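Read through the structure below, which is laid out as structure tokens, and then see the notes.
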Amino acid sequence: MTGLACRAAEPAHADGARSSLREGWFGRSLEVGIALDRPVPFRVFTLDGPPRLVLDFAGLDWAGFDPRDIRRDGGEAAIRVGRIGPDWSRLVLDLTGPQALVTAEMQPDGPGARLRVTLRRTSPEAFAAASGAPPGVWPSGGLPSPAVQGTGAVLVAIDPGHGGIDPGAIRDGAEEKDLVLAFGLALRDALAGRGFRVMMTRDGDDFVALADRVALARQAGADVFLSLHVNAESTPAVAGAIAFTRADRGSSPGAAARARVENAADGLAGLDPGDPVGAVLAGVARIETDARSGVLADALVDALRPVATVWAEPRQAANFEVLRAPDMPSVLLELGFLSSPADLAALTSPDWRRGTADALAAGLQGWLAQDAALAAKLRR
Ligand SMILES: [Zn+2]
């Protein structure tokens, strides 16, 4: 028997029913207790705008932990949990106001442990001054370069939206982060099969900050950036795919609202919004890249029509954070609506994924011939 020594230690787990949240009168104080089956390294900090409490645990798996099980004594605060990297898991709690950290300690609790955190109301100014992620907290830059698959001159970056602590849209147990990852993997294979090189900004259930997604693609020298998402609406009748390109102002109120939802991912995961990528570089390159992105989005919509439902106005533009690279044609595809039973059935079907991914790969191939910059690269 070999390899036992190399096997990673079993992850620790948290117990929602034995965890607690107690809010003092009118939010004067807050006490959070997270029950664990053993002590693990942790870090605690607050973030402002809006006020949030962030608890990070090393070597913890949230499987089996449901924030709805937490015993609450007052307090309506929303809680989200998920993975934020290979080693760290995060809990984010939306504070109802400025509440400063007073104590945070890991205490023995029966056979396990309990992280007990207390906070006390403070002024907005004091809260702002005390808040912020400590150095070294994700995202720290220097992300590992993702694997590049396939051969060929043109490198496509596939960006499955959300992941880890950020599930994206959720309906009836289906989560956007899982659907777009499954589709992204199918698209990777389809593109590699048609002579593209392909990289993914994530190929597992990991949280990747919006700016890091673009940074990873640019570091790898990607020629095209394709972000994958799924929509959700209040009515089941709305269905179909939409291709978005970047614009400072939304092409419709709906498009602008969609960009706000997708751009909120970093805040959901407890990150402060970073600097917009390449804002300084925008200029001549931007105008040309926007035009190329537009032609690409048209090609992708045309490719989708025979194999997938396409929304009535499938070409939209809005100010999406991940479409800001000034030098890389970028399109954000909303593949369908989780809220539409027909779209959901398609999105969860491996056959649909394969067929649609191949149609998109063919669409990209057709676009290459039209795109002067890449056509020249192919001739070299
Ligand atoms: Zn999304």
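Run the helix sum for the chain: -39,500 (n - 2.57) per DSSP H stretch of 4+ residues, divided by residue count, reported at 222 nm to the nearest 500 deg cm²/dmol.
Working: 9 runs with 107 residues, N = 380.
Helix-only estimate at 222 nm: -8500 deg cm²/dmol.
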> Taking region 10-130 as the region of interest, what is the percent of Cα-Cα pairs per 10 angstrom bin, listed from the shortest bin to the one with the maximum distance?
Replying inline: 14, 48, 32, 6, 0
> Measuring from label point to label point, each 7 Å out along Cα→Cβ, what is the residue 345 to residue 237 span in nm?
Replying inline: 1.9 nm
> Most fluctuating residue of 99, 107, 149 in a GNM of the chain with Cα springs under 10 Å: which is it?
Replying inline: 107
>> Within region 325-356, name every residue whose backbone N is under 18 Å away from a label modeled 7 Å from Cα of residue 257 along the Cβ vector.
In response: 334-340
>> Shape verdict for region 277-380, please, from the Cα gyration tensor: rounded (a/c under 1.5), prolate (a/b greater than b/c) or oblate.
In response: oblate
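Of all DSSP beta bridges located in the chain, what percent are antiparallel, nearest 5? Don't skip to the answer; put the middle values down first.
Details: 50 of 75 bridges.
Given both bridge residues lie in the chain, the antiparallel proportion sits at roughly 65 percent.
Would you kindly state how much longer the chain becomes between residue 151 and residue 182 on full extension, computed as 0.36 nm times their sequence separation minus their alpha carbon distance, in nm to one decimal?
On the way: separation 31, 0.36 × 31 = 11.16 nm, distance 2.19 nm.
Fully extending the segment from residue 151 to residue 182 adds 9.0 nm.
Which peptide among 257-265, 159-167, 32-40, 333-341 comes first, and what is the full order, when sorted by highest mean count of other Cβ atoms within 10 Å?
159-167, 333-341, 32-40, 257-265
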> How would you rank 295, 230, going from fewest to most other Cβ atoms within 10 Å of each one's own Cβ?
Replying inline: 295, 230
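What full-extension length gain, to one decimal in nm, is calculated for residue 369 and residue 102 as 0.36 nm per residue of separation minus the Cα-Cα distance? Before the final figure, lay out the partial values.
Values: separation 267, 0.36 × 267 = 96.12 nm, distance 6.13 nm.
Working it through step by step, the gained length comes to 90.0 nm.
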> Which whole-Hz ³J(HN,Hα) couplings does region 96-107 yield from phi under the Karplus relation 6.51 cos²θ - 1.76 cosθ + 1.60, θ = phi - 60°, glycine and proline marked x?
Replying inline: 7, x, x, 10, 8, 5, 10, 9, 8, 9, 8, 10
> Of the peptides 351-357, 177-183, how do they stack up when ordered by the mean number of other Cβ atoms within 10 Å, highest first?
Replying inline: 177-183, 351-357
> Under the classification rounded if a/c is under 1.5, otherwise prolate if a/b is larger than b/c and oblate if not, where does region 319-370 fall, given a ≥ b ≥ c as square roots of the Cα gyration tensor eigenvalues?
Replying inline: oblate
> For the chain, what's the relative contact order in percent, using C-alpha pairs closer than 8 Å and at least 6 residues apart?
Replying inline: 16 percent
>> Using Cβ contacts closer than 10 Å as the measure, can you line up 200, 106, 328 from fewest to most?
In response: 106, 328, 200
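If you wrap the chain's Cα atoms in a convex hull and average its projection over all directions, what's the area in nm²? Working shown, then result.
Working: hull surface 88.0 nm².
Mean projected area of the Cα convex hull: 22.0 nm².
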> What is the fewest-to-most order of 196, 244 by other Cβ atoms lying within 10 Å of their Cβ?
Replying inline: 196, 244
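Bear in mind that the values in this text are calculations on the coordinates, not laboratory data. Computed from a predicted model, the values in this text were never measured in an experiment. Here Cβ is always computed from backbone atoms with ideal geometry, including for glycine, and neighbour counts include all displayed protein chains.
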